[in-house]
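Reading through the structure tokens given below for one structure.
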Amino acid sequence: PEGTYRILCLGASTTEEGPVNDLTYPAILETLLNNRIGANLVDVINCGIPGMNSLKHRMKMADYLALEPDLIVVYNAVNDICHDLFPLWIKNASPLQQRLRESRFACRYFGRYLLPEATQMAADIQNSKISNLAFISRYAREHGVEVAICRFAAPDPQRLSREERGD
């Protein structure tokens, strides 16, 4: 509606899910902003889809822009790293690293040495995931939409009411 500021929250299950819909971070964001303003002038749409990664969000940008947002908040990396890159790093590990990965002891105490070097992991993240986020940001801005990229989105439990915490 006219005079409403629309925010889209993109992400996967960490965006989409909560104990109940009112306790997802997009719903909490909408409540907090409207309470601060003192009117219902902010509309936050939860576009979280379980299992999504940055590439899939990149492919849906035209759909997201059809919702006419003023701001897009992107909180997406868990699936990119855990389901896309981590299996690749394990697959490409040396035979010794793969063998040691079978040991719970080795994984617990020496797990860092069973992965690629930090520079290789950073390069993989940059080349495949950060490039998707950069595209999302650039594409949205080219269409007049601001973008905020979150590295972690979570409310401070101490600041939530008993109802918001689900007590």
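So here's what we get for this one:
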read-out: Some residue of segment 5-23 being farther than 21 Å from residue 145 by Cβ, crowded, with 20+ Cβ neighbours inside 10 Å and in contact (Cβ under 8 Å) with a residue 12 or more places away in the chain; value: yes
read-out: Extreme residue, modelled with the lowest pLDDT, among residues of segment 126-163 that are open to solvent by 50 Å² or more (accessible area, probe 1.4 Å) and in contact with an Asp or Glu (Cβ under 8 Å, 6 or more places away or on another chain); value: 155
read-out: Number of positions in segment 12-27 that are out of contact with any Asp or Glu (no Cβ under 7 Å at 6 or more places or on another chain) and either assigned to a helix (DSSP H, G or I) or under 11 Å from residue 76 (Cβ atoms) (or both); value: 10
read-out: Test: residue in segment 58-68 that is in contact (Cβ under 8 Å) with a residue 60 or more places away in the chain, among the basic types (Lys, Arg) and under 17 Å from residue 83 (Cβ atoms); value: yes
read-out: Test: residue in segment 99-111 that is of a type outside the set (Val, Ile, Thr), within 19 Å of residue 78 (Cβ to Cβ) and either surrounded by 13 or more Cβ atoms within 10 Å (Cβ to Cβ) or free of Cβ contacts under 8 Å to residues at least 24 places away in the same chain (or both); value: yes
read-out: Checking residue 77 against (1) touching a Lys or Arg at 6+ places or on another chain (Cβ under 8 Å); (2) open to solvent by 50 Å² or more (accessible area, probe 1.4 Å); (3) among the small types (Gly, Ala, Ser), the condition it does not meet; value: (2)
read-out: Residue in segment 84-93 that is surrounded by 14 or more Cβ atoms within 10 Å (Cβ to Cβ), closer than 22 Å to residue 9 by Cα and under 15 Å from the mean Cα position of the chain (by Cα) present; value: yes
read-out: Selected residue (only one of 78, 44, 73 is touching a residue at least 24 places away in the same chain (Cβ under 8 Å) and out of contact with any strand residue (DSSP E or B) (no Cβ under 6 Å at 6 or more places or on another chain)); value: 78
read-out: Looking only at segment 37-71, and only at residues there that are outside any loop (DSSP other than H, G, I, E, B) and open to solvent by 70 Å² or more (accessible area, probe 1.4 Å), the one that is nearest to residue 13 (Cα to Cα); value: 56
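The values are calculated or read from the model by the stated rules, or taken from the named source; none is laboratory data. Keep in mind the model is a prediction, meaning the values are calculated, not measured. Ideal geometry is used to build each Cβ from the backbone, glycine not excepted, and the neighbour counts take in all protein chains shown. In case anyone asks, the SASA skips ligands and DNA or RNA and just uses the protein heavy atoms, side chains included. Shrake-Rupley method; radii C 1.70, N 1.55, O 1.52, S 1.80 Å.
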